[in-house]
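Input: a single structure, listed below in structure tokens.
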Amino acid sequence: MTGRKRWAKQQEYSRAYKARLMSTPEGRAELALRRRLHRYKMTRDEYAALTAAAENRCMICGNEETAVDGKGNVKTLSVDHCHETGRIRGLLCNTCNRAIGLLRDSPTLLREAAKYLEGS
Ligand SMILES: [Zn+2]
């Protein structure tokens, strides 16, 4: 078998494998987990430790995730990370993750926002 034919066969196998996984909710969850682990360069054990530490609650507000995806399923907590170093900071709900992002992940701006709110 030539390299090209072997590559085509591997692609076909990969597509069939992915299609089989996508056909069940558990398979889709597994693929989503793999994407997440790849994106954040984490092992399953590291991710399991992070989710266990968070007890499925946002590490800022303490609430469980309520945001839903396009199909109406509640999203998983977001993996918050430093955009400069890539260091994983924790798990956040969609609202808190967006809020700190809108304030440019700046502790100074977040403190100023708190002072502003407390002063009103
Ligand atoms: Zn939150």
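Descriptive notes on the structure:
Okay, residues lined up against (1) more than 16 Å from the ligand (Cβ to nearest atom); (2) part of a strand (DSSP E or B):
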residue: Ala29; (1), (2): yes, no
residue: Arg35; (1), (2): yes, no
residue: Met42; (1), (2): yes, no
residue: Gly72; (1), (2): yes, no
residue: His83; (1), (2): yes, no
residue: Leu91; (1), (2): no, yes
residue: Ala99; (1), (2): no, no
residue: Glu112; (1), (2): yes, no
residue: Lys115; (1), (2): yes, no
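- Of all residues in the range 1-15, those that are exposed (fewer than 10 other Cβ atoms within 10 Å of the Cβ) and either under 28 Å from the mean Cα position of the chain (by Cα) or part of a helix (DSSP H, G or I) (or both) total 3.
- Residues (closer than 17 Å to Lys75 by Cβ and either assigned to a loop (DSSP other than H, G, I, E, B) or not small (Gly, Ala, Ser) (or both)) located in the range 44-54: Tyr47, Leu50, Thr51
- Close pairs from the range 95-113: first without any contact (Cβ under 8 Å) to a residue 60 or more places away in the chain and assigned by TED's automatic domain parsing to the domain that holds Thr66, partner among the hydrophobic types (A, V, I, L, M, F, W, C) and away from the ligand (no atom under 16 Å from the Cβ), Cβ under 6 Å, at least 6 apart: Leu103/Leu109
- Thr76 being modelled with pLDDT under 95 and under 30 Å from Ala19 (Cβ atoms): yes
The values are calculated or read from the model by the stated rules, or taken from the named source; none is laboratory data. This structure is a prediction, so every number in the text was calculated from the model and none was measured. Virtual Cβ from ideal backbone geometry, glycine too; neighbours counted across all protein chains shown.
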